[in-house]
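The values are calculated or read from the model by the stated rules, or taken from the named source; none is laboratory data. Small disclaimer: the values here were computed from a predicted structure and weren't measured. Positions of Cβ are backbone-derived with ideal geometry, glycine not excepted, and every protein chain shown enters the neighbour counts.
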Amino acid sequence: MRRALVSNGGAVIALLALYFTVQFAVRLSLPSGLRFDESQQAFFSQWLTWGYDSQPPLYNWIQAIVVALFGLSLATLSATKNLMLFGVYASYYTLARSLMRNKALAVVAVFSLFTMPQVVWEAQRDLTHSVIEMMMVCLTLLAAVRTIRKPSYIAYALTGVAIGLGLLTKYNYAVIAAALFIAVAAHPIGRKRILDRRIILTLAIAVLTCLPHALWVVSDIDLATGRTLGIMQQHGSESRLAAALKGPLELLWLIVLISAPTCVVLLLIARRSLLVCYKADSEWSRFLGIFLLASFTLLLMLIVGFQMTSLRDRWFVPFLFLVPLYICLKLEASGIDGNRLAMRFLPVAMIVMVLVPCALLVRVNLSGLLHSYEAYNVPYATFVRTLLAEENKAPALVLTDDWKPSGNLKLQLPKVPVMSLYFGNLRTTYDWQPDKPVLLVWEGGTTAPQWNPRLKDWIDSQLGSAYSDAPVKQMAIPYDRGDGRDSFLFDYVWLYPHPG
């Protein structure tokens, strides 16, 4: 198999497709409880709008279209996610092949992603917007390289499309676009491409692609940026100097944290070749090196300028996942035997490809033994079945207070509109009648059921204070795949319209 992968690009794509098909099957075999990003997509699939929350809408649009075509289910959520992940790896491999003559090193580059925990594990379980951003980063670089090599109206147009769509993945893609401009400007031929009048086509298409969402951002700037900046700018009791240093030091730590596993694995396999390859150079290693340096310089400027002190690794994965490609470009420039390196490296990647799906299965299915449960284990399906059987009718509207319950309840009640106070800007119509009550649900915190304050305030303001006296009920449901003794508490209220 290793020889086939090194010599046949089709075999690489086929193996990646098989891997994500297995991951799709694994997700369907797990309980139907949704993690945060899955739940968000299930909830957002009710709308097609120019903006949703603090993330751009491209992934949301794609998921909403898939749901509109095939219905909301665990299968449609997982299929979209795994197709996007496959797109990341396939476009990464295509980019590597376009930048390197050595096919074997291109294989090493793409399979190095299996040594980055934030890509192979976290992206598989949780990420959505970062996943599609990684794919668009690869496609943008591919389009830019094509434009440098063979300029044409089509190449310039495709670059504009890639940049425009990239800006609809995550807001930090703007750093990618700026760094790409710097890298192209530093390329001897790239400078000519920037001065070519066809660059106007690139800019026009990019602007038009993201203009409707940009107008939404301007009109809802607090919603679009408030939550993320609020997280980033969390200050403790440290001094101003300590706060100013904390962000850059945390960025440095995250660069090491994300890149270290891949660098260690490649160091153990390539040994001295990796230590000396930094001296080697090539056209495209310089290009990608300048791109990465510009990216992190711009990120550092933003962190210092906005006094960001609380950073998350997922925000930097769309930059750092290019590090393996950069290392392989340097190794190629140093003249390393790519075939030999690939033969030694591929077994490591293949072991990880087996372990990750197994780890997902084992962790969730053995939760009962550990008495430590994942979001997958939360028994929303059993709760909804029991609830509907108990009341003998479906609600006209489900209202919840938080992010995770909203999507989980929407998955279990795909034909019922669901609203969440966490996303108060997203509203839907509902038909409130005596045989179609409003259902309020929230995660119970104690064994004594009591009104959720936020939901009570909403009821007072929207329906009237007379409805906030309705009795709160509680249901304890054993965790899915649990030991039968550990239960999850759901608090809920049925609201029926008062006569007259």
Scan of the range 405-421 for residues that are free of Cβ contacts under 8 Å to residues at least 60 places away in the same chain and hydrophobic (A, V, I, L, M, F, W, C), ordered by number: Leu409, Leu413, Val416, Met419, Leu421
- request: Could you please let me know if Ser285 is assigned to a loop (DSSP other than H, G, I, E, B), of a type in the set (Gly, Ala, Ser) and either over 24 Å from the mean Cα position of the chain (by Cα) or surrounded by fewer than 20 Cβ atoms within 10 Å (Cβ to Cβ) (or both)?
  value: no
- prompt: Right, Trp315: closer than 13 Å to Ala186 by Cβ and in contact (Cβ under 8 Å) with a residue 40 or more places away in the chain or not?
  reply: no
- prompt: Only one residue in Lys393, Lys436 is closer than 24 Å to Gly71 by Cα, exposed (fewer than 15 other Cβ atoms within 10 Å of the Cβ) and either at pLDDT below 95 or in contact with a Cys (Cβ under 6 Å, 6 or more places away or on another chain) (or both), so which one is that?
  reply: Lys393
- line: Residue hits (the range 179-191; assigned to a helix (DSSP H, G or I) and within 33 Å of the chain's Cα centre (by Cα)) are Ala179, Leu180, Phe181, Ile182, Ala183, Val184, Ala185, Ala186, Gly190
message: Filter the range 389-443 down to the residues that are hydroxyl-bearing (Ser, Thr, Tyr) and assigned to a strand (DSSP E or B) and list them by number.
response: Thr400, Ser420
message: Against the conditions (1) under 21 Å from Arg27 (Cβ atoms); (2) buried (at least 21 other Cβ atoms within 10 Å of the Cβ), where does Val362 fall short? Just the number, please.
response: (2)
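Each row is one residue, and each column tells you yes or no for (1) of a type in the set (Lys, Arg); (2) in contact with a strand residue (DSSP E or B) (Cβ under 8 Å, 6 or more places away or on another chain); (3) closer than 20 Å to Phe319 by Cβ; (4) not assigned by TED's automatic domain parsing to the domain that holds Phe316.
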| position | (1), (2), (3), (4) |
| --- | --- |
| Arg97 | yes, no, no, no |
| Arg101 | yes, no, no, no |
| Val107 | no, no, no, no |
| Thr115 | no, no, yes, no |
| Gln118 | no, no, yes, no |
| Arg125 | yes, no, no, no |
| His129 | no, no, yes, no |
| Leu141 | no, no, yes, no |
| Arg149 | yes, no, no, no |
task: Considering only the range 1-71, give the helices (runs of 4 or more DSSP H) lying wholly within it that have at least 3 residues that are aliphatic (A, V, I, L, M), surrounded by fewer than 20 Cβ atoms within 10 Å (Cβ to Cβ) and not assigned by TED's automatic domain parsing to the domain that holds Val398.
output: 9-29, 58-70
field: Single residue of the range 457-500 satisfying the filter (acidic (Asp, Glu) and either in contact with a His (Cβ under 8 Å, 6 or more places away or on another chain) or in a loop (DSSP other than H, G, I, E, B) (or both)) that is modelled with the highest pLDDT
entry: Asp480
task: Run down Ile290, Ile194 and say which single residue is buried (at least 17 other Cβ atoms within 10 Å of the Cβ), over 22 Å from the mean Cα position of the chain (by Cα) and modelled with pLDDT of 95 or more.
output: Ile290
